[in-house]
1. Working out 0.36 nm times the residue gap between residue 149 and residue 58, then minus their Cα-Cα distance, what length gain in nm do you get to one decimal?
2. Calculate the spin-label point distance for residue 185 paired with residue 90, positioning each point 7 Å from the Cα along the beta-carbon direction, and give it in nanometres.
3. Where does region 96-165 land on Rg/Rh, using Cα atoms and the Kirkwood Rh?
4. When each pair of different Cα atoms in region 141-222 is counted once in the 1/r mean, what is the Kirkwood radius in angstroms, to one decimal?
5. So how much slack lies between residue 115 and residue 77, counting 0.36 nm per residue of separation and subtracting their Cα-Cα distance, in nm?
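Please treat every number below as a calculation from the coordinates, not as lab data. Model, not experiment: these values are computed from the prediction. Glycine also receives a Cβ, built like all others from the backbone with ideal geometry; neighbour counts cover every protein chain displayed.
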Amino acid sequence: MGAFEILTFFYNNAITPAIVVAGVAWLFKTIVIDSLGKESIALRGQIERDSALGIEKVRSIFLIEVEQLRHSYNQELEEKKVRFARLQDKRLEPILRMYNVLSELSASVEHIQTLYRYETDDSDDMGSEVKGIEDLLLSAKTEFTKTQIFLPKAIANSVENFMQPIRDADLAYYMERADGGDSRKALIKYINCLRGDERKVMSEIADQVRNLLGVEEIEIDV
């Protein structure tokens, strides 16, 4: 029943004014509540649609930013790979030169220790061995100075630890000779300064250099 029919019903049936007023008030309240209900539903629907659109917009922006970050990371990673490859090319030759000189130095130190154990009478001949080691030590120090910038700290420390006793032995030998000591006594001081584990230390350096140059990985790939 519409509002007009309700009012007509009131009039035709001689309803009192108070009742008419109450009826009109009730009708107005019903119309307002119904209108507000419809507006509320419409508003809630609009809010839900706006929320969904907002979430989708945020999601789209997030995905774009993630893709940009992924692209930037991949680009930076490729640039680092290129720089590392170039660095490997630059470091390969000096590292190998240093390693070769260290190998010769290690072999000479081992040789003089063997001579001392079994041929200790000819101290003058041993003096020439000391001089040969001195020359190799100088070459090793020169190559190490050139190569040190390309070496990880662990390898640089190992090389330093390898050369230090030989430097000490060389210094002790010539100080004894300078003080008027005979070659035999100088040689004893020389041998005593050596650690005796030069081969072991050199083997450790070799392993570190192999890892640095990726030799193990190359062998696995092959």
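1. 27.9 nm
2. The modelled label-to-label distance comes out at 5.2 nm.
3. Using only Cα positions, Rg/Rh for region 96-165 is 1.06.
4. Hydrodynamic radius (Kirkwood, Cα only) of region 141-222 equals 14.8 Å.
5. Roughly 8.3 nm would be gained on extension.
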